[in-house]
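The values are calculated or read from the model by the stated rules, or taken from the named source; none is laboratory data. Please read these numbers as outputs of a predicted model, since none were measured by experiment. When we count neighbours, we look across all protein chains shown, and the Cβ atoms used for this are built from the backbone with ideal geometry, even at glycine.
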Amino acid sequence: MKIFRTKNAHANFWLDVVLITAILACICYIFFWPIRVAGNSMSPTVNVGDQLIVSRFLGFIGNYSHGDLVLAHVEIDGATETIIKRVAAIPGDHFVLDDIDIILADGEYFLLGDNTTISKDSRHFGPVNASQISGRILLRYFPLTAIEIF
C-alpha cells in the first residue's frame with residue numbers, strides 16, 4: 001500500500017503499519033463489538049463478568065434463528081435497557097403462553113432468558129421488533145477457562 005510516501009523507507013514502513021492497523025480497527029468495530037455481562041438472567045449459559053463478542057453485522061442483516069443469543073434494547077419498567085436473551089420464537093411462529101395464542105408478525109421475535117425464574121424477557125415486555133436487536137452473540141472470550149463459540 002503506497003498512499004503516503006516519504007524519502008525515508010523506515011518511516012514509510014511504519015506509516016503503512018499505522019494505516020493498516022487503523023483500517024482493520026475500524027472494520028472490526030463495525031462488525032464486532034465486545035460486551036461484558038452484567039446480570040444473571042442468562043445463567044448458566046453466560047454469567048456476570050463474562051466477556052462476549054457481538055456480531056453487529058448480523059444485527060444489520062437481522063437474520064436470527066431459534067436458539068441464537070442476541071443483544072437487544074428494550075423498555076423495562078420505563079427505562080431502555082440492553083439485554084442478552086435467547087431467541088425462542090421467530091416471525092411466523094405460533095405458540096401458546098399462559099393460555100394465550102401468540103402469532104409473531106413479520107419482524108417480531110420472542111426472547112427468553114435461560115434463567116427463567118429471574119429473567120425479565122418477552123414474557124414481561126412482549127415480542128421484540130427486529131430493529132431492537134443489535135446483534136448476535138458469537139463468542140465468549142473471558143474467562144479463558146470458559147471460551148465458547150455460540
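Key figures
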quantity: Considering residues of region 60-87 that are without any contact (Cβ under 8 Å) to a residue 60 or more places away in the chain and buried (at least 16 other Cβ atoms within 10 Å of the Cβ) only, the residue nearest to VAL128 (Cα to Cα); calculated: VAL74
quantity: Filter result (at pLDDT below 90 and over 17 Å from the mean Cα position of the chain (by Cα)) within region 25-58; calculated: ALA25, CYS26
quantity: Residue tally, condition surrounded by 11 or more Cβ atoms within 10 Å (Cβ to Cβ), in a helix (DSSP H, G or I) and among the aliphatic types (A, V, I, L, M), over region 19-59; calculated: 5
quantity: Where a residue in region 88-101 is surrounded by 10 or more Cβ atoms within 10 Å (Cβ to Cβ) and its partner, wherever it lies, is outside any strand (DSSP E or B) and of a type in the set (Asp, Glu), with Cβ under 7 Å and at least six apart; calculated: PRO91/ASP106
quantity: Selection from region 81-137 of residues that are in a strand (DSSP E or B) and over 21 Å from VAL54 (Cα atoms); calculated: HIS94, PHE95, VAL96, LEU97, ILE100, ASP101, ILE102, ILE103
quantity: Selected residue [hydrophobic (A, V, I, L, M, F, W, C) and under 21 Å from TYR29 (Cβ atoms)] from ILE61, ILE100; calculated: ILE61
quantity: Matching residues in region 113-139 - criterion: being among the small types (Gly, Ala, Ser) and in contact with a helix residue (DSSP H, G or I) (Cβ under 6 Å, 6 or more places away or on another chain); calculated: SER134, GLY135
